[in-house]
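Nothing in this text is a laboratory measurement; each read-out follows from the coordinates by a stated rule. Predicted, not measured: the structure shown is a model, and the values here were computed from it. Virtual Cβ from ideal backbone geometry, glycine too; neighbours counted across all protein chains shown.
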There are 2 protein chains.
Amino acid sequence: MTSLEYIFHPRSIALVGASDNAFNPATIMFLEPLKKFGYTGDIFPVNPNASTVSGLTAYPTVRDIPGPVDHVICAIPASSTRQLLEDCIAKGVKVFHMYTSGFSEIGVHDMGRLQDELVQIARKGGIRIIGPNCMGLYYPKLGISFCPTFPEESGSVGLIAQSGSYSLLVTIGAASRGVRFSKVVSYGNASDINECDLLEYLADDPETDIIAGYIEGTSDGHRLKKVLAEAAGKKPVILVKKGGTAAGTRGASSHTGALAGDDKVWDALIRQSGAIRVPDLEQMIDLLVTFQFMPLPQGKDAVVIGIGGGPSVRAADDCERGGLKLPPIPEDMVAELRRYAPTAGSMLRNPVDVGKMHIDWDPVIKTFTDWGQTDMFIWQIAPDIEPFEENSFIRQFCIDQRARFLQEFIKSGKPLAVAVHTAESRFALSILDITRNECVKHKVPFYTSVYSAARAISQFIDWNRRHSGLP
Amino acid sequence: MTSLEYIFHPRSIALVGASDNAFNPATIMFLEPLKKFGYTGDIFPVNPNASTVSGLTAYPTVRDIPGPVDHVICAIPASSTRQLLEDCIAKGVKVFHMYTSGFSEIGVHDMGRLQDELVQIARKGGIRIIGPNCMGLYYPKLGISFCPTFPEESGSVGLIAQSGSYSLLVTIGAASRGVRFSKVVSYGNASDINECDLLEYLADDPETDIIAGYIEGTSDGHRLKKVLAEAAGKKPVILVKKGGTAAGTRGASSHTGALAGDDKVWDALIRQSGAIRVPDLEQMIDLLVTFQFMPLPQGKDAVVIGIGGGPSVRAADDCERGGLKLPPIPEDMVAELRRYAPTAGSMLRNPVDVGKMHIDWDPVIKTFTDWGQTDMFIWQIAPDIEPFEENSFIRQFCIDQRARFLQEFIKSGKPLAVAVHTAESRFALSILDITRNECVKHKVPFYTSVYSAARAISQFIDWNRRHSGLP
């Protein structure tokens, strides 16, 4: 098996089915991003009914394109794909990415057979198929993207996703919290290039430090087991395997035609490989954020700094449920904190609730960070309990205080995570967004709850303990 | 025990400790809301160092106020509260709401003793204490509020919360999804008026149809058991009991001085009473939304309409995990749908994924709603997979389509819920907010995930089955 490296380095890309229609997916999701992300190869729209698309010269067929074409994105109806594939082989195309859906996943026999035929044609013609029924490649380093709002910067997370939606949801969600990607491959029905090929590739990819995968099924459990174990021996591998319940299995089959299989078998396979299985994308994003931004804590003792009594009680429960411990703060530290935080409304145990945002934070933060007996700090913000929406002076004051608090804490160098305690109101959602951006700026891990923070950080510590012998 | 009705009908309210300082909580959280919400009684700021507060005449002490004072909000340091309470008794005040904290909850013996002394003084003087360490009353019908951003309209949910933060979080969170409240009482340390008094009152309150409670502990388990069973026999009662883990118990004690007790005992007590226990406020809000807005489905069969293959697979899992069933859609209905929805990218099973937003929805919706074999529809939106942020034309088109879809569906009269499949990006958060407001406008239950929708709706159906003999 040749390395898949070359699929990420096309000298030119043709978009078959692109048009100037406002809803044309090939134009919105592929062509425009190539331009926006600064792809330096040639971009060739292919459309027999247009002379230009998005200002670029369009060609009636792939064969009419002057010069070499390495990569073709197929966004035409399934019934026309065989002819197109044959054209591509004649043209010397190397990768045939089928955005087109309506093959094995729809459960109609003829279309499943057509998919099989396409694979046979491709194998004979020496061309690789990505898909069908998928979004293809996001490789920001080369300016290749399948979404206009993905980050243009590169990072070190490699993601493969059988679901196009999940490739978008994980990338957009993790990117919102600062995670950046080396490569993302949405591989759909896996008719040719499959999860095993891609995991094998990412395991050896020097641009990828962390591997994430959303899988609905496999056609080769033995190879997957071997490949997963190899990948997980080299890098953290975080997996979502979907289609567990009866309805989910039916859904997965309907979605990518995958053989979903028995969930317990999958669970054992993933656990034995050393990969981390998470139930869904939120936890995948939490772990990506953690592996990317959290300095490794020495142990599981945390101090939670929060505002509000009820949320602090909850934070205690949530930390323990998530696998962390909250050691009580010693009396001399309580006495020290009490000098700066007013008694009323403050709970100076652990979680620590200093009662209000508008205190002098400098000595308080210093007291925290000077204390050597904790492994990490979790700062909980709860914007819905500071509902001063209508007072713009107070709102700005709180936003500024939070930003300063974060910066002062970062200076100390202690492992720090920020977690939001529920954000429901429009006001709270805006504070969530502002605080998140502040965390992204300072490379601080950000979570949507203390529980998810505690769970991810605890898994992260466990993983490091298990893999401490890793290169 | 006299009914607590009178505590909600003060002819006048004095705010002790209010000032014109921008951060003064008495002014921000109590005085300004009274003005904004149109409280028609007299409002008397009390501050020996100011002649006016927020434009109203201020008085040096409660005794100096001309005319009767029914309700006093105490927002001065704990050490001065005894004198104030004595002044209030002399003045004939009926309710003494202690926003002031720093009593039994801080674990300092002297302050716990002071709290006990205040209660003894109050009992002798014929005055009731709410708190200390709490937000007091929200009674929108009379224009009484402890938060400027609460709704001014009244509703039928009565909420009691031992935590001031939770009283804000639940009210703001549920209000964001359209829930309106009859009365909210944040009762803090429960030194005098406690959870039993309040549950007893709400059980008989004709303005309250649904009762919600956040409790950290009780001083009278036997009475609570009796009161809860009575209340739950009359109305749905939804409870959060916090302080379960060791750290949580420590936190709860530190928070309101509550005796948190063994979680299993609490679990049995609540279950036997017929109330619904939920682990936290998100599920409480989900249930309030459901009891308020969801028409009772005849059974647990749901059709999920979604966009995106991966999210649809997940929706199937999540519905089953949450307690609903997804019956397969019959072949003739699939054939009918296929006439209007393009084959490519559509999964016409259940969940139904029609592939794109820009189809002709009218016949599709009619096909759904004409089908008699489902008990409800759950419409899943996933704004992060329609990331056309940069194309304002498409964005507006999708927003308009979603609004129309909702309206067309509502016309059919079938039970409908709307659920968001993860909203992480700033763009998705804004779509969440827009869709939520559309749901609020049309009184459609809105959830932040299919799982939480399924869980709440399933609990709602179970509750109705158990209580079908209710008056």
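Can you sort B:THR81, B:THR171, A:THR149, B:THR40 by how many other beta carbons sit within 10 Å, fewest first? List each step's numbers first, then the result.
Values: B:THR81 25, B:THR171 32, A:THR149 20, B:THR40 9.
If I rank by nearby Cβ atoms, fewest first, I get B:THR40, A:THR149, B:THR81, B:THR171.
Check each of the GluC sites (Glu not before Pro) in segment A:101-201 and keep only those in coil by DSSP with at most 15 other C-beta atoms within 10 angstrom; list them in order.
A:GLU152, A:GLU153
Would you tally the net charge around B:TRP266, using a Cβ to Cβ cut-off of less than 9 Å, leaving B:TRP266 out, and scoring K and R as +1, D and E as -1?
0
Using DSSP to call loops (not H, G, I, E or B), can you name the trypsin sites (Lys or Arg not before Pro) in segment B:366-471 whose Cβ has at most 15 other Cβ atoms within 10 angstrom?
Filter output for segment B:366-471: B:LYS443.
GluC sites (Glu not before Pro), restricted to segment B:385-426: which are DSSP loop and have at most 16 other Cβ atoms within 10 Å?
B:GLU390
At a threshold of 8 angstrom on Cα-Cα distance, excluding pairs fewer than six apart, so keeping six or more, what relative contact order does segment B:295-466 reach in percent?
Relative contact order of segment B:295-466: 29 percent.
Using a 10 Å cut-off around each Cβ, can you sort A:SER163, B:SER12, A:SER273 from fewest to most neighbouring Cβ atoms?
The order, fewest Cβ neighbours first, is B:SER12, A:SER273, A:SER163.
Between copies, how far does the label point of B:LYS141 sit from its twins, in nm, shortest first, when each point is 7 Å from Cα along Cα→Cβ?
Result for B:LYS141, in nm, nearest copy first: 6.8.
Of A:CYS134, B:CYS398, how do they rank once you tally other Cβ atoms within 10 Å and put the fewest first? Each step should come with its number before you reach the end.
Values: A:CYS134 28, B:CYS398 20.
In order of increasing Cβ crowding within 10 Å: B:CYS398, A:CYS134.
Output the pairs from A:LYS325/B:LYS242; B:LYS235/B:LYS300; A:LYS264/A:LYS325; A:LYS94/A:LYS242; A:LYS242/B:LYS414 with a Cα-Cα distance over 20 Å in this structure; if there are none, say none.
Too far apart for the 20 Å limit: B:LYS235/B:LYS300; A:LYS264/A:LYS325; A:LYS94/A:LYS242; A:LYS242/B:LYS414.
Return the whole-Å distance between the Cα centroid of segment B:291-321 and the Cα centroid of segment B:400-428.
13
With a ≥ b ≥ c taken as the square roots of the eigenvalues of the C-alpha gyration tensor of segment A:295-466, please select rounded if a/c is under 1.5 and otherwise prolate if a/b is larger than b/c or oblate if it is not?
Cα axes put segment A:295-466 in the oblate bin.
Extending each Cα 7 Å along its Cβ direction at B:LYS264 and A:LYS36, get the distance between those two points in nm, one decimal.
5.6
Considering only the other residues whose Cβ falls under 11 Å of the Cβ of B:LYS325, what net charge follows from Lys and Arg at +1 and Asp and Glu at -1? Before the final figure, lay out each step's value.
Numbers: positive: B:LYS300; negative: B:ASP301, B:GLU320, B:ASP375.
Every neighbour counted, the sum reads -2.
Is there a simple number for the mean count of other chain Cβ atoms within 10 Å of the Cβ of residues in A:418-431, and what is it?
Average per residue, whole number: 5.
Within a 10 angstrom radius of each residue's Cβ in B:300-313, how many Cβ atoms of other chains show up on average? Whole number is fine.
Per residue, the number of nearby Cβ atoms from other chains is 6 on average.
Relative contact order (percent) for chain B, with alpha-carbon contacts under 8 angstrom and 6 or more residues of separation?
Relative contact order here is 11 percent.
Between 0 and 90 degrees, rounded to the nearest ten: what's the tilt of helix A:221-234 against the longest Cα principal axis of chain A?
In chain A, helix A:221-234 runs at an angle near 50 degrees to the longest axis.
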